[in-house]
Amino acid sequence: MKVFISSDIEGTAGITHWDEAEKKHPVYAEFRQLMTNEVLAAIEGAIDAGATEILLKDAHDSGRNIITENLPACVKIIRGWSGHPLSMIQGVDEGFDAVVFTGYHSRAGAEGNPLAHTTNLRISELRLNGVPASEFHVYATAAAYYKVPSVFISGDAGICADAARINPGMVTVPVLEGVGRSTISIAPSVARTRIKEGVTKALKLDRTKLLPSVPDITVLEVVFNNPTDAYRASWYPGAKHIGNRTVQFANRDYFEIMRAQKFILGI
């Protein structure tokens, strides 16, 4: 079994503040370790379920967060950013059996995490066919484009609820919830146990039932915080500046949506 893991940090058990997610702050080292530990738990769960090949994408900020020393021999890790449109799931193709997401977080505009955002902090909302979308929504749909099911997610309670609506039947493990600028989190040791058990369970499900639908036509809308950013992004070929700081792009091919959001968002 060949499994892809995409790991973020803002949905890691215990995290609350941006200082804990950014390399330049002393407290980052602690949360880098917690992120790594959750990834290792997911890997252990995947191996227990029969995974023999795992590709891991370090998908937070610099792409250089996960401590690699204790990765098992069956794991390859993608660090940094190549510029490929698949971004947080760079490397996914038809050869994978499943995608697992760890440390994911609520979308921009949601209140389930004080660190909620979608891709970057320059936008207030991203929509797919009128639905406010999270990073999970964007990338689970991209995986489905390649016929690869998304079977597991851990993160805050908000993203887990969103994922269950988008892809009913997948295994979700909420490890924290946001209340204003605070979070209520389970203990990291409990999170690791639940993640390991959850990934094992997820990979034993009927994966053919866990493919989110890929629309025949997808309309991407990005609402920027700053109107000048919207004006600049509207010059992407095929994009339209529809007012209220919003840029729209539509295409029948979801890969073109991924390509467009890469340039429109400037990521």
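The values are calculated or read from the model by the stated rules, or taken from the named source; none is laboratory data. Being a predicted model, the structure only gives us computed values, none of them experimental. Here the Cβ positions follow ideal geometry from the backbone for every residue, glycine too, while neighbour counts run over all protein chains shown. Areas reflect the complete protein model, heavy atoms only, side chains present, ligands, DNA and RNA absent. Shrake-Rupley method; radii C 1.70, N 1.55, O 1.52, S 1.80 Å.
Computed from Cα positions, the angle between helix 28-48 and the longest principal axis of the chain comes to roughly 70 degrees.
Would you please state the base-10 log of I(q)/I(0) at q = 0.23 1/Å for the range 54-149, with intensities from the Debye formula using one equal scatterer on every alpha carbon? Treating every Cα as an identical point scatterer, log10 I(q)/I(0) equals -1.33. Exposed loop sites here are trypsin sites (Lys or Arg not before Pro) assigned a DSSP state other than H, G, I, E or B and surrounded by at most 13 other beta carbons within 10 Å; excluding them, the longest clear run of the chain is 80-146. The longest part of the chain holding none of the exposed loop GluC sites (Glu not before Pro), meaning those outside H, G, I, E and B in DSSP with at most 11 other Cβ atoms within 10 Å, is 95-267.
Expressed as a whole percent, the proportion of Cα-Cα pairs in the range 1-64 lying more than 17 Å apart is 41%. Counting only protein heavy atoms and a 1.4 Å probe, the range 89-172 has 29 square angstrom of accessible area per residue. Cross-link reach is defined here as a Cα-Cα straight distance under 26 Å, omitting same-chain residues fewer than 8 places apart; for Lys23 the lysines meeting it are Lys57, Lys76, Lys262. Taking 1.306 mPa s as the viscosity and 10 °C as the temperature, the Stokes-Einstein diffusion coefficient of the range 101-155 based on its alpha-carbon Kirkwood radius rounds to 135 µm²/s.
By the equivalent-ellipsoid construction on the alpha carbon gyration tensor, the range 161-267 comes out with semi-axes of 35, 21, 11 Å, ordered largest to smallest.
In plain terms, the bigger the Kirkwood radius, the slower the diffusion; for the chain, with that radius from Cα pairs, at 20 °C and 1.002 mPa s, Stokes-Einstein puts D at 117 µm²/s. Ligands, DNA and RNA left out, the accessible area of the chain computed with a 1.4 Å probe is 51% carbon and sulfur.
Of all aspartates and glutamates in the structure, the ones whose alpha carbon falls short of 19 Å from that of Lys240, not counting any fewer than 8 places away in one chain, are Glu125, Glu221, Asp229, Asp253, Glu256. The aspartates and glutamates whose alpha-carbon is closer than 20 Å to the alpha-carbon of Lys24, local same-chain residues fewer than 8 away aside, are Asp8, Glu10, Asp58, Asp61.
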